[in-house]
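The values are calculated or read from the model by the stated rules, or taken from the named source; none is laboratory data. What you see is a predicted model; the values in this text were computed from it and never measured. FYI the Cβ positions are ideal-geometry reconstructions off the backbone, even for glycines, and counts take in every protein chain you see.
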Amino acid sequence: MSSKINIAIDGHSSCGKSTIAKSIAVKYNMNYIDSGAMYRAFTLYCLDNKIINNQSIDHTKLTNYINDIKIDFSFNNKYGVSKTILNNINVEDKIRSVEVTKNVSIISAVQIIRKKLIALQQEFTKNNNVVMDGRDIGSKVMPNADLKFFLTAKAEIRAQRRYEELSSKGLNVSYKNVLKNLNLRDKHDISRSINPLIITKNAIVIDNTNLSLNEQDEIIFSKIDKKLKYENNY
Ligand code: DC
């Protein structure tokens, strides 16, 4: 079944948005855009160029450098592997560092940065066939998306999953700190004045606290199948 639809996936930090978005992209042969990776890449650039220092932004420097920042993706549809490219360099691993994670909420609350990244995200969706995950995709980036999902799960469960993921990569983190950072990021996402994380009226809310990945796939894939059937007038 083929059709060109756009799918928005929003939700809290660490609730598996990118995992399901990649599965959708592979199953339905769509492009995957990780909008969080764009904010992370921007943060990495700002850290490397001392635009952000001790969690404080040098706004003059930011204005001077903003047009030098080019972000792109390379997504392998067959294997579901996404690479984030910052000024022609693959930064997919670097943008997941603790330092970037600690600073990304500050960067993503800055109006000129959001404006630039949202324009780029909208450019990516122009020809449809995109699944994008983030915080403001259904509300701001793709208000007319054909399907919108909002994912959530209890903070303790999300922190436990994230802790296990980071530990399995050999990173020395504590569950307590992972939970603390996650709660802080939730707070920033929900309370920031520009484009906060909200549940849009037409979003399908999925709480995956007690769902396995397979169970979640089943629910989401069946909604997409239904939408595609409708789009194709079956
Ligand atoms: O999804 P993530 O954890 O990789 O996102 C990193 C940060 O970027 C997150 O703390 C919130 C921010 N973000 C945002 O403000 N808007 C988006 N559309 C995506 C992410």
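Scan the stretch 75-106 residue by residue and report those that are of a type in the set (G, A, S) and assigned to a loop (DSSP other than H, G, I, E, B). The answer is G80, S97. Being out of contact with any Phe, Trp or Tyr (no Cβ under 8 Å at 6 or more places or on another chain), part of a helix (DSSP H, G or I) and crowded, with 18+ Cβ neighbours inside 10 Å holds for only one residue in A37, A41, and it is A41. Of all residue pairs spaced 6 or more apart or on separate chains, those with beta-carbon atoms under 8 Å, a first member in the stretch 201-226 that is charged (D, E, K, R) and a second member that is at pLDDT below 95 are D225/M1.
Exactly one residue out of T43, T60 is away from the ligand (no atom under 11 Å from the Cβ) and not acidic (D, E), and it is T60. Within the stretch 51-75, the set of residues being loosely packed, with under 12 Cβ neighbours inside 10 Å and under 19 Å from S35 (Cβ atoms) comprises S74 only. Are any of the residues in the stretch 206-213 outside any loop (DSSP other than H, G, I, E, B), in contact with a helix residue (DSSP H, G or I) (Cβ under 8 Å, 6 or more places away or on another chain) and either closer than 27 Å to I52 by Cα or within 12 Å of the ligand (Cβ to nearest atom) (or both)? No: the stretch 206-213 contains no residue that is outside any loop (DSSP other than H, G, I, E, B), in contact with a helix residue (DSSP H, G or I) (Cβ under 8 Å, 6 or more places away or on another chain) and either closer than 27 Å to I52 by Cα or within 12 Å of the ligand (Cβ to nearest atom) (or both).
With the condition kept exactly as written, say whether any residue in the stretch 115-134 is out of contact with any strand residue (DSSP E or B) (no Cβ under 7 Å at 6 or more places or on another chain), farther than 30 Å from N232 by Cα and surrounded by fewer than 20 Cβ atoms within 10 Å (Cβ to Cβ). Looking through the stretch 115-134, at least one residue is out of contact with any strand residue (DSSP E or B) (no Cβ under 7 Å at 6 or more places or on another chain), farther than 30 Å from N232 by Cα and surrounded by fewer than 20 Cβ atoms within 10 Å (Cβ to Cβ). Of the residues S18, S23, the single one that is away from the ligand (no atom under 14 Å from the Cβ), within 23 Å of A159 (Cα to Cα) and surrounded by fewer than 23 Cβ atoms within 10 Å (Cβ to Cβ) is S23. Looking across the stretch 107-138, the residues that are in contact (Cβ under 8 Å) with a residue 24 or more places away in the chain, farther than 18 Å from I198 by Cα, assigned to a helix (DSSP H, G or I) and more than 10 Å from the ligand (Cβ to nearest atom) come down to I112, K116, L120, F124. Checking each residue in the stretch 163-206 for being polar (S, T, N, Q), surrounded by 12 or more Cβ atoms within 10 Å (Cβ to Cβ) and under 20 Å from N103 (Cβ atoms) picks out N177, N181, N183, N195. Residues that are of a type outside the set (S, T, Y), surrounded by 15 or more Cβ atoms within 10 Å (Cβ to Cβ), in contact (Cβ under 8 Å) with a residue 40 or more places away in the chain and touching a Phe, Trp or Tyr at 6+ places or on another chain (Cβ under 7 Å): does the stretch 152-162 have at least one? Yes, the stretch 152-162 has at least one match. Do we have K78 as away from the ligand (no atom under 12 Å from the Cβ), loosely packed, with under 12 Cβ neighbours inside 10 Å, without any contact (Cβ under 8 Å) to a residue 24 or more places away in the chain and basic (K, R) here? Against the criterion (away from the ligand (no atom under 12 Å from the Cβ), loosely packed, with under 12 Cβ neighbours inside 10 Å, without any contact (Cβ under 8 Å) to a residue 24 or more places away in the chain and basic (K, R)), K78 does not qualify.
Regarding the stretch 47-55, can at least one residue be identified that is away from the ligand (no atom under 16 Å from the Cβ), over 17 Å from the mean Cα position of the chain (by Cα) and in a strand (DSSP E or B)? Checked the stretch 47-55: at least one residue is away from the ligand (no atom under 16 Å from the Cβ), over 17 Å from the mean Cα position of the chain (by Cα) and in a strand (DSSP E or B).
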